[in-house]
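Worksheet: one structure, shown below.
Computed from the coordinates by the stated procedures, all read-outs in this text should not be read as laboratory data. None of these values were measured; they are calculated from a predicted model. No Cβ is skipped: glycine too gets one built from the backbone with ideal geometry, and neighbour counts run over all protein chains shown.
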Amino acid sequence: MKIRKIALITPPYHSGVVESAGTWLNVGFVYIAGALRAAGYEVDYYDAMSLWHEWPDIRRRIEAFSPDVVATTAYTASVVDAIELCGYAKEINPAIVTVLGNVHATFMYEEVLKRNNDKVDYVVRGEGELTLPELLDCLNAGDDPAKVAGIAFIKEGMVQSTPKRPYIQDLDSLKTAWDLVEWPIYTYRAKKNARLAIVSSSRGCQQQCSFCSQQLFWAQTWRARSPENFVAELELLHSRFGVEVAMLSDEIPTFDLGRWNAILDLMISRRVQVKLLLETRVDDILRDADIMDKYRLAGVEHIYVGVEAGRQETLDLFKKDTKVEQSKKAIDLINGADMVSETSFVLGMPDDTPETIAETVELAKHYNPDMGVLPGHCAVAVFRSLP
Ligand code: B12
Ligand code: SF4
């Protein structure tokens, strides 16, 4: 059988808090679909999560598209549903080849494959744009998948993993499949259901926060698209698909000040009609204190900074490389420039007690963000009244 049709399906996993703010597309799939199409494959981008589809809906969509491959994606939180989805696809048609990617699969491929070798055929480790088309071409040629860098699979009862694939250096060259996105479902509830995209302007992070998978996923590297290429994409998303708000998926979009300034300048001079939501580091906000108004003028409306803890010892334990007093200043700067500030605190460390948790909650109030996320309780508290 020749592989021709690929269904990219998000697992029907739901997490509550983030989904209450909006409906979020899968930009990783937009890139992978772009690469698959460029390699000659037919793709169904199917965001079962955002459509709130359940298993019978998923069955109908798989039966209607009749894919040769079902590929899905897994964070740690969503891996159980992702694996179930692979098994479900095989129940519908045992000939379907299943592929699992993303951060959990990348690190936990051995466990995933050993426990689920009847459900998951291949794990793609790291970036998928080059690896997945190459794997499918290899299978179509009847060649040995062991030749494909960046994958893992079971061979003769043993988990085989191939060498790591180098990171893609020219991010401007990547193809995207924005036309496959089912746009009407992606809305940002906090802004009158404005049409919402997720975009990626850079990949990576050079920090070493001990609780975070991203520094390992990107091996503490950072690469970026050019300002022109990125801003042109925002313009296209607005003019062709009506996008009004975009969240940056970047770990640290502001890492290179020269590039970031160039992006803001282009957005201002070209009057880009897309508002940005982004995440960055406390120290980058302090660095940019004198251009906060420029952020706002360019269209940045919401900034998330990871404060994580109110005690310096905990921040040092996390290798966060920030000082407690810097966090308050960063939030004041964001609030002062009339942008929405959001931050999170880690609760439930082994040495946390009801008293230390209460202290963290009090400190969160003192910091005065618009939104403080206390994930240990999976709760969001709104502290400041929004404009
Ligand atoms: C955008 C985002 C979201 C969006 C996701 C929307 C969507 N449908 O994709 C929303 C806001 C819904 C979200 C929610 C959550 N998120 Co989130 N999210 C992110 C964020 C900021 C960006 C991810 C992204 O789009 N990156 C850009 C794309 C281009 O890269 P990528 O996704 O890594 O994809 C590439 C590769 O991984 C690979 N790949 C990925 N999938 C696949 C699949 C196949 C088949 C193949 C071949 C390859 C492949 O190829 C892609 C292209 O190179 C990351 C942090 C970060 N900066 O990366 C956190 C992150 C992924 N989220 C995280 C978490 C914990 C969550 C929640 C569980 C939080 C919660 N408690 O509720 C929920 C789960 C929601 C859900 N229902 O699944 C963690 C995951 C940690 C972990 N190790 O598991 C991260 C890493 C944040 C962090 N630092 O902790 N999130
Ligand atoms: S700065 Fe953010 S993305 Fe980078 S390692 Fe720390 S928590 Fe992760």
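List of remarks:
- Loop-located chymotrypsin sites (Phe, Trp or Tyr not before Pro) in segment 4-54 (DSSP state other than H, G, I, E, B) with a sparse environment of at most 16 neighbouring Cβ atoms within 10 Å: Trp52.
- Size of charge dipole - the chain - debye, nearest 20, with Cβ of Lys, Arg +1 and Asp, Glu -1, no other charges: 640 debye
- Lys, Arg +1 and Asp, Glu -1 on Cβ, resulting dipole of segment 5-161 about Cα centre, debye, nearest 20: 80 debye
- Remark on Ala194: its backbone amide H falls under 5 Å from those of Tyr188, a criterion applied only to residues 5 or more positions apart or on other chains, H modelled at 1.01 Å from N.
- For the chain, the direction-averaged projected area of the alpha-carbon convex hull comes to 19.1 nm².
- Listed values for segment 113-121 are Karplus-derived 3J(HN,Hα) couplings in whole Hz (6.51 cos²θ - 1.76 cosθ + 1.60, θ = phi - 60°), namely 6, 4, 7, 9, 5, 7, 10, 9, 8, and x replaces Gly and Pro.
- Of the residues Ala21, Ala71, Ala89, the one that moves most in a GNM of the chain with alpha-carbon contacts below 10 Å is Ala21.
- Listed pairs Lys164/Lys319; Lys164/Lys329; Lys164/Lys275 exceeding 32 Å between Cα atoms: Lys164/Lys329; Lys164/Lys275
- Charge-dipole axis of the chain as Lys and Arg at +1 and Asp and Glu at -1 on Cβ define it, positive-most pick from Ala358, Gly157, Pro133: Pro133
- Only Cα sites of segment 186-373 enter the Debye sum here, all with the same form factor; the resulting log10 I(q)/I(0) across q = 0.08 1/Å is -0.27, listed in q order.
- Most positive-pole-ward Cα, Leu297, Thr314, Leu278, against dipole of segment 235-361 from beta carbon charges: Leu297
- Within the straight-line cut-off of under 22 Å between alpha carbons, the lysines reachable from Lys2 are Lys90, Lys119, Lys147, Lys155, sequence neighbours fewer than 8 places apart in one chain being disregarded.
- Inter-label distance for Leu297 and Glu19, nm, one decimal - labels placed 7 Å from Cα along Cα-to-Cβ: 4.1 nm
- Its DSSP H runs of at least 4 residues, each contributing -39,500 (n - 2.57), put the calculated 222 nm mean residue ellipticity of the chain at -10500 deg cm²/dmol, to the nearest 500.
- Global form of segment 4-132, assessed from the alpha-carbon gyration tensor, a/c cut-off 1.5: rounded
- In a reduced charge model with +1 at each Lys and Arg Cβ and -1 at each Asp and Glu Cβ, segment 186-373 shows a dipole moment near 840 debye about its Cα centre.
- Residues of type aspartates and glutamates that Lys320 reaches as a straight line, Cα spacing below 16 Å, ignoring anything fewer than 8 places off in the same chain: Glu251, Glu279, Asp283, Asp284, Glu308
- Anisotropy class of segment 14-67 from Cα gyration tensor, a/c 1.5 cut: oblate
- With both residues required to sit in the chain, DSSP beta bridges show an antiparallel share near 30%.
- Karplus 3J(HN,Hα) series, Hz, for segment 336-344 with 6.51 cos²θ - 1.76 cosθ + 1.60 (x for Gly, Pro): x, 8, 6, 10, 7, 9, 9, 8, 9
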